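Note sheet for the following structure.
All of the numbers you see were taken from the coordinates with simple rules; none came from a lab. Since this is a predicted model, take the numbers as computed values, not measurements. Every residue, glycine as well, gets a Cβ built from its backbone with ideal geometry; the counts of neighbours run over all protein chains shown.
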């Protein structure tokens, strides 16, 4: 059994890097649960060319979800009679079925998946690193300051919404929720676009922070300090003091 997000079949701690786990599990998944656990009921399978593999429309099945398989309307209660491939969304039966047989499956899949979410986090990190005031850094996701996590998650969420909107504009998203046409999906796209706009407003406010890339300090050096150490008008106050103590 996998470590699961509370109350779901969504796996957590799937990455070898703790930083990705923190951003995805704690900051992204709570906002994407409905799309990371999508149940498809009794979808008719398609027999592949090898004559033994039956495929569903969507892959990336959640491993801990107990699928229901029916052959010619009868529930297959013994899971040893088939092998499920969660990545590709297929079943391979131990005993081959005929082309006239009808197979249907109820399954649960992750619309984004760990690979997609990691890619969105990487894309978001590049956005934060290059968009914020100041030069781009040589940080990586795994070693950038902890306070970057919120900004990275916000942009990753925006990119996730971009994917959803694009998929609704095509066919992929409409098929999941049995929406026959783009006209029927217009309200859904409008809601997604509104969520995206709100998220972009928050993200841009973070990026407008002039000190976002400056390490936390108690106070910035004053002009008096600079003048003193450089021999300016206030130099006699400190006499350009510099420590030459060897530690």
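What ranking, highest mean first, results for peptides 60-71, 100-111 when packing means the other Cβ atoms within 10 Å averaged over each residue? Let's see the in-between values first.
On the way: 60-71: 16.9, 100-111: 18.7.
Descending packing order for the listed peptides: 100-111, 60-71.
Extension gain residue 140-residue 198, at 0.36 nm per residue separation less the Cα-Cα distance, in nm? Before the final figure, lay out the partial values.
Working: separation 58, 0.36 × 58 = 20.88 nm, distance 2.69 nm.
Result for the pair: 18.2 nm of gain on full extension.
Mind sorting 74, 154 by how few other Cβ atoms lie within 10 Å of their own Cβ, fewest first?
Details: 74 8, 154 24.
If I rank by nearby Cβ atoms, fewest first, I get 74, 154.
Where does each of 32, 4, 117 land when they are ranked from fewest to most other beta-carbon atoms within 10 angstrom? Walk me through the intermediate numbers first.
Values: 32 20, 4 15, 117 24.
Ranking 32, 4, 117 by Cβ neighbours within 10 Å, fewest first, gives 4, 32, 117.
Give, in nm to one decimal, the length gained when the segment between residue 78 and residue 210 is fully stretched (0.36 nm per residue of separation minus the Cα-Cα distance). Numbers along the way, then the final one.
Numbers: separation 132, 0.36 × 132 = 47.52 nm, distance 6.13 nm.
Using 0.36 nm per residue and subtracting the Cα-Cα distance, I get 41.4 nm.
Take every Cα-Cα pair in segment 1-140 and report what % of them are more than 19 Å apart. Let's see the in-between values first.
Numbers: 5636 of 9730 pairs.
So the portion of pairs separated by more than 19 Å is 58 percent.
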